[in-house]
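Trainee: One structure follows; several queries about it will come next.
The values are calculated or read from the model by the stated rules, or taken from the named source; none is laboratory data. Just so it is clear, the model here is predicted, and its values are computed rather than measured. Because the Cβ atoms are built from the backbone with ideal geometry, glycine has one as well, and the counts that use them run over all protein chains shown.
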Amino acid sequence: MIDHTGAPVAKGLAKAAGNPPLSGRFLDEPGFRSAYYDEFIMLLGDAQASKWMERLDNFLASAFVDAEQDADILRKTAHAMVPLAGTPGFIDLARCCTELDHAISTGNFYFNELLAVRREARRAAIVLSRLRADLSMRVQSNLN
């Protein structure tokens, strides 16, 4: 079976809890994999996924903003962000965080990696706001 992105889908994913697949408006976002997101929603359900996305949103709002932030704190933040961002499909953000973590861990100059993380965090925040709005509507409709 093929999903709405053209990728093969396991039989279990095709009938994911009755939730419709994402609309095409998310497919044009660089660094975001909607197929990962669909599986994420199937595994956690709308309510738990909504909590996860809220946590990611809050984390993005405060992480990587302070230019004077200690390198060890940046490394730990980047390390924590990898699964938080990667699991729901923000692959480029997760990759950039991995690269920042590695650059700091190895004692390399990490200015470019930090800029890349900040760029991807801004891009992810835009998609995240739309995903959270969709999830919120789905959670509300499930309650009614």
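Trainee: From the list D101, D38, which one is charged (D, E, K, R) and farther than 25 Å from L143 by Cα?
Mentor: After applying the criteria, what remains is D101.
Trainee: Taking the conditions exactly as written (over 22 Å from S136 (Cα atoms) and of a type outside the set (S, T, N, Q)), does A78 satisfy them or not?
Mentor: So A78 fits the description; yes.
Trainee: Search the range 91-112 for residues that are without any contact (Cβ under 8 Å) to a residue 24 or more places away in the chain and pair each with any residue that is buried (at least 17 other Cβ atoms within 10 Å of the Cβ) and charged (D, E, K, R) when their beta-carbon atoms are under 6 Å apart and the residues are at least 6 apart or on different chains.
Mentor: Close Cβ pairs (under 6 Å, with a partner that is buried (at least 17 other Cβ atoms within 10 Å of the Cβ) and charged (D, E, K, R)) amount to E99/E113; A103/E113.
This table checks each residue for (1) among the basic types (K, R); (2) touching a strand residue (DSSP E or B) at 6+ places or on another chain (Cβ under 6 Å); (3) farther than 19 Å from K51 by Cα.
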residue: D101; (1), (2), (3): no, no, yes
residue: Y110; (1), (2), (3): no, no, yes
residue: E120; (1), (2), (3): no, no, yes
residue: R132; (1), (2), (3): yes, no, no
residue: R138; (1), (2), (3): yes, no, no
residue: S141; (1), (2), (3): no, no, no
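Trainee: Consider V139 carefully, then state whether it is at pLDDT 95 or above and either at negative phi or aliphatic (A, V, I, L, M) (or both).
Mentor: no
Trainee: May I pose another question? Tell me which of these D72 doesn't satisfy, since it passes every other one: (1) closer than 30 Å to I104 by Cα; (2) at pLDDT 90 or above; (3) within 18 Å of the chain's Cα centre (by Cα).
Mentor: (3)
Trainee: Select, from F32, F90, F59, F26, the only residue that is at pLDDT 95 or above and closer than 16 Å to R132 by Cβ.
Mentor: One residue alone meets the criteria, F90.
Trainee: Any residue in the range 82-92 that is over 26 Å from A49 (Cβ atoms) and hydroxyl-bearing (S, T, Y)?
Mentor: Looking for residues that are over 26 Å from A49 (Cβ atoms) and hydroxyl-bearing (S, T, Y), one finds none in the range 82-92, hence no.
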